[in-house]
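Everything on this sheet refers to the single structure shown next.
The values are calculated or read from the model by the stated rules, or taken from the named source; none is laboratory data. All of these numbers come straight from a predicted model, not from anything done at the bench. Here the Cβ positions follow ideal geometry from the backbone for every residue, glycine too, while neighbour counts run over all protein chains shown. Just the protein is used for accessible areas: all its heavy atoms, side chains included, with ligands, DNA and RNA removed. Shrake-Rupley method; radii C 1.70, N 1.55, O 1.52, S 1.80 Å.
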There are 2 protein chains.
Amino acid sequence: MLSFPSSSPPGFSSYNGGGMNGTSTMMDFLEEPLPGVGTYEDFNTIDWVREKSRDRDRHREITSRSKESTWALIHSVSDAFSGWLLMLLIGLLAGSLAGLIDISAHWMTDLKEGVCLAGFWFNHEHCCWKSNTTFTDRDKCPEWKSWSQLILGHGEGAFAYILNYFMYVVWALLFSLLAVLLVKGFAPYACGSGIPEIKTILSGFIIRGYLGKWTLIIKTITLVLAVSSGLSLGKEGPLVHVACCCGNILCHLFTKYRKNEAKRREVLSAAAAAGVSVAFGAPIGGVLFSLEEVSYYFPLKTLWRSFFAALVAAFTLRSINPFGNSRLVLFYVEFHMPWHLLELVPFILLGIFGGLWGAFFIRSNIAWCRRRKTTKLGKYPVLEVFVVTAITALLAFPNEYTRMSTSELISELFNDCGILDSSKLCEYVNDFNSTKGDDLPDRAAGPGVYTAMWQLALALIMKVFITIFTFGMKVPSGLFIPSMLAYYHHDWAIFSGWCSQGADCITPGLYAMVGAAACLGGVTRMTVSLVVIMFELTGGLEYIVPLMAAAMTSKWVADAIGREGIYDAHIRLNGYPFLEAKEEFSHKTLAMDVMRPRRNDPPLTVITQDSMTVEDVESIINETTYSGYPVVVSRESQRLVGFVLRRDLIISIENARKKQDGIVSTSVIYFTDHSPPLPPSSPSMLKLRSILDLSPFTVTDQTPMEIVVDIFRKLGLRQCLVTHNGKLLGIITKKDVLKHIAQLANQDPDSILFN
Amino acid sequence: MLSFPSSSPPGFSSYNGGGMNGTSTMMDFLEEPLPGVGTYEDFNTIDWVREKSRDRDRHREITSRSKESTWALIHSVSDAFSGWLLMLLIGLLAGSLAGLIDISAHWMTDLKEGVCLAGFWFNHEHCCWKSNTTFTDRDKCPEWKSWSQLILGHGEGAFAYILNYFMYVVWALLFSLLAVLLVKGFAPYACGSGIPEIKTILSGFIIRGYLGKWTLIIKTITLVLAVSSGLSLGKEGPLVHVACCCGNILCHLFTKYRKNEAKRREVLSAAAAAGVSVAFGAPIGGVLFSLEEVSYYFPLKTLWRSFFAALVAAFTLRSINPFGNSRLVLFYVEFHMPWHLLELVPFILLGIFGGLWGAFFIRSNIAWCRRRKTTKLGKYPVLEVFVVTAITALLAFPNEYTRMSTSELISELFNDCGILDSSKLCEYVNDFNSTKGDDLPDRAAGPGVYTAMWQLALALIMKVFITIFTFGMKVPSGLFIPSMLAYYHHDWAIFSGWCSQGADCITPGLYAMVGAAACLGGVTRMTVSLVVIMFELTGGLEYIVPLMAAAMTSKWVADAIGREGIYDAHIRLNGYPFLEAKEEFSHKTLAMDVMRPRRNDPPLTVITQDSMTVEDVESIINETTYSGYPVVVSRESQRLVGFVLRRDLIISIENARKKQDGIVSTSVIYFTDHSPPLPPSSPSMLKLRSILDLSPFTVTDQTPMEIVVDIFRKLGLRQCLVTHNGKLLGIITKKDVLKHIAQLANQDPDSILFN
């Protein structure tokens, strides 16, 4: 398994650990640094300030050198453009992979129903294109054989139906079992939607291998399998994960991004935008999604680059043209009828329903996932997938609307009925004698519509329940499309009732669209990005107001029931150390209430700047597990000098013992500029100023926690020291902050996975 | 003139100045605070941390009270919804004002050419609607009389032409002089586009009256006058200013926003989005504009609210329907033809041209404005407006394309030629016999096209030069439309040449659109928001890639020539204290290089926590001009306790001398929790802990300035204290940071207007 790049082999890192201690590092910046100093361990959080500082040092270095030679100048220019080049590559790769996934999934979905005689690699639609005869009905084309036709030679009768049914279920089980076994065997991180983890990674957490090569390969394959198996899941979240893997892997091509965790996270934000862009054909929506939902640190530069990556990805996908309609958008709606102000009432009602559904879904899904996590159930993921797939396939086949793939269903629901439309949903009584040709809405609903209605209602109920159990299984699974789907049915039923009463009939596709937005809004709590995605998806610029009304209502309603969106809920369920930027910290606690040591604890472990020996420091390291230690002038004064990281300290001492002459256990370690005056008989001293962070962040003990939380969020800190009247008093780490927040919210503070 | 709300009469402010000193303020939070404590003076910068802290205190207060009574609960709920209500009001007001401005400007523009006999309040178009006869040509409708027809009784001949010409110039002069006199007499802040100032205000600066009642009224009136006078300016920037005035004034309705500078700035960000939304009919573009270009502090909550305000505003404008086409978008383009990949080459060329034009425009305009500022020219604003209007009007009338209003011209240019189109630009040779009906592009260009071409070329040259001199005059003026305009002509010429060669002819409107985007991109350096505005403006969702290609190229090219966009250039020209968030600070200086006192200066002025008398403190206040003083344990230890603001100190001492018994010049001031032990004979002591900020921000002297700049930007600080090994060493204010940046950029550090 590919490890997260910061675990790169020794010698890779060029960081000397003291990027922040000013001009003094300028001299030894070019010296060979100690391997490992300045890197992070797995499941640790990064220090944004230090990472950005390192990047600026690197940038300055290149700029100042660029005046020396032409080669250095070229290097400087190429460095400046490497970000854009990387975006181009990410866009191309993400777009191509998305195209590949779309085509394969389409083919394999059709494989469940039959096979093409002209060539088994054609899907149903392409097969019928190849066929020379003009075909009137999609299902009647001579080259395409359903399984019963292939095996029995005919497709009629009860036995043929049962055979088709059987083959459908078998294929579905085959696909899903293959998917779960691949995930289990090769890349455990490839399961799920990936968005909660990506949010956590982007906020500065390190999960090695989560965005690696193997995850990418296995996720791509299993995503196709999972979608084809007919499980109630979408490919949108996983596509974001796939795009982020692309971004992370391509980062290795450029030193600038390979070596810097903060810079890489900027790239990942842009990759997430590209992922949404290809999932929906919505580049602007993708950028806004990345901004609103996923990203943590999103400067304007990243905004521009994200947009570029999203556009390239969308454009690549368009060139591959997996849907065969040469449009960027997936479900292009043709209707452009204006809507009436009065219609806002049903739109808002849809929003309320969407919010309720969203809140209900999140609760049920989290309850189920918690049960899976805590009981024996979680030990049999393969069995679980088997059972869920079997139930899904068994229930799905008899109903026409669940048998077809979800995206086919959505485009059918979004469509406005034309007179010549053959879909059952459009089967109104066409009485051309009594009505004018363009007086479509007044036609009475035919029997097909009623059949469609109850089929859709059944499909709705089934999808709702199945999705609750599906999301969170050990296969790649997305949420978008299923939850978009859920509501269409419902509102379609509302609409149909309305329309058959003979009242003035309203564009049904619009209601489907608004219902979808409301539903997705309730589940994910997105607003602006959701609206933009919806109208990019459908091309309906006129319908911003209805979409917005539904999305806002849905968010309000759902927020009133439970504050968290599905991704945040899963982050909390998994205990990821994610510091939510949306919620205001509203409690009146002070830094002194949160800092360690607590009131009755032993005093803070500190290192003095020029009086401790190697032995002393080593015993401190062995006795404690803190990831860093404050350095003070003396224990008596407790005046703060700087902060030194445990990891850097261990590596430096080990290195000095091996390579530096005369370093023994009684050698004095000093962090000052000049060595302290010691008796001449003492062993040679060890200078460690280069690993000392001379500008640690400090707050006073009286600082309200709301400000401390704000500082942690905005500056991306890992720890912050607490002083009182200039004396060092304690330390607050990100873990302390998260535990404190969890405690105030009456949650178990120890649930947080953190180091 | 309406004063900025923080100058509200004494008694209004409910802030006790110590919002950050934790639980100790909980008790006296409800006590009557001293009037004036916690407010700001004009041309000062706000402390974001303190303001946000105050708002959280207020919020907590309301929440905790809400459990006590039903009334308090209602208050709490209404408080939570007041933000949304405010957005609704801003949207309604901004939308209505925009509609009013559009209608009035339309009418007055037509007034320059003639008058309607059916009622002088009808504009040309409405007048002809009223007319009962069916009219084939817009210009020939019996009710509408040009001035020559009205005065001479006929409209033919040289004399009639001269009379029309004369009336056109007279009206233009009348409008523009009225505008400049109104601005000069009533609201000097109403001039210009307002966007540089709004950016500065949003970053935390206080300019009293800039967003006041009078500015709103005068700006609305003069904007109509200036646009009607035919000056080369747009109404878009000023509409943002108008919307921000609405936002600021409506803030007075809600205590939450009236009393808090940070909360009000959130509202203003949303108002700016509403302004752009109504200017272009582009709600999403407005939000992105606010995010990318204008705002400083833009949390997700503001994103949602901005979107809501922008939608309401756009919807209100649509209901007023000033353009009479019931669409949300101003220049709806009908063409939906796909574009070819090869066309990217001319699009990128357009981008390069746009970038060059943008850089050239900024340089020339800034050079001219600097000259206006430094020479005698600036003393005669009325004369300047007179001359520029006269020249514009004289040059504009003979050319058909400059005579019509800019928005009319743009919609004409954006249009794709249909066969029945009467515009001169579409006058191809219609030879229906030899070509099929839909084979439009192959028609040879008729003589009308060539006439149109040179007229447009002339119009282009004229507009370019006039706009340089117009932007920055003492009338409300926007940039968008003029700079959008400039490029259409150019690319139209390119296109026409191309098309007449008989090669395959390309949608001309698309080139106009892309040219406009390139040009605006070069001037303002927007990217994402620009693309979104353009496609919302035109409804052309298919053309994101061309627009993006042009906008990015344009930005790159223009950035290579000069880093600043027009608004940033004007901010620097005016010396506003704006800390740019886009530029990375890239120098290797340390906090100790920037802090005061400098190396050879006298030591920092400090106040001790419990040993100085009222007299001592007053003499410090009188001898220095600093806006605040650090409080230390003792002069010897220099251990920091807190920070106290000059303004708060003056008000508190004055108040104590008046109202508190026994406070004389020899009274000791103490900031500690308990009074210090003093001889019993000494006069009564003054406790000032409540105005002491117990959590001042500190950095060490070794902190690189890049980190300090980052902290100032992200947390919105006003000052930051510098320590070394726990001892107070100096102070860095926002002014110091800005001066330092200016110095490093080889600019005059004293040009910055700041207190």
Given backbone amide H placed at 1.01 Å from N, residues whose amide H is under 5 Å from that of residue B:192, ignoring those fewer than 5 places away on the same chain, are B:475, B:477
Using the 7 Å Cα-to-Cβ label point, sort the distances from residue B:611 to its equivalents in the other copies shortest first and give them in nm to one decimal.
2.5
Long-range amide H partners of residue A:642 with built H, under 5 Å
A:631
FRET efficiency estimate (nearest 0.05) - Cβ-Cβ, residue B:634 to residue B:682, R0 25 angstrom
0.85
Between segment A:687-713 and segment B:539-613, what is the C-alpha centre distance in whole Å?
24 Å
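Show A:583, A:51 ordered by accessible area, largest first, where the area counts protein heavy atoms only and the probe is 1.4 Å.
A:583, A:51
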For residue B:658, label point 7 Å along C-beta direction: distances to other copies, nm:
7.4
For a quick check of your reading of the filter: which trypsin sites (Lys or Arg not before Pro) in segment B:581-650 sit in a DSSP loop and have no more than 13 other Cβ atoms within 10 Å?
B:598, B:599, B:635
Which of the GluC sites (Glu not before Pro) found in segment A:590-649 are loop residues per DSSP with 10 or fewer other Cβ atoms within 10 Å of their Cβ?
A:636
Label distances, nm, residue B:676 versus same residue in remaining copies, Cβ-directed 7 Å point:
3.2
What whole number of Å gives the distance from the Cα centroid of segment A:638-679 to the Cα centroid of segment A:182-238?
44 Å
Rounded Å value of the spacing that divides the Cα centres of segment B:274-326 and segment A:259-321
23 Å
22 Å Cα-Cα reach of residue B:687 towards lysines, excluding residues that sit fewer than 8 places from it in its own chain:
B:658, B:659
From the cross-link list B:213/B:735; B:112/B:199; B:199/B:555; A:301/B:256, the entries with a Cα-Cα span beyond 26 Å are B:213/B:735; B:112/B:199; A:301/B:256
Checking segment B:143-246 for chymotrypsin sites (Phe, Trp or Tyr not before Pro) in a loop per DSSP with at most 11 other beta-carbon atoms within 10 Å yields none
Give the accessible surface of segment B:74-231 per residue, rounded to a whole number of Å², with probe radius 1.4 Å and ligands, DNA and RNA excluded.
42 Å²
Checked segment A:221-274 against the a/c 1.5 cut and the a/b vs b/c comparison, axes a ≥ b ≥ c from its Cα gyration tensor; verdict prolate
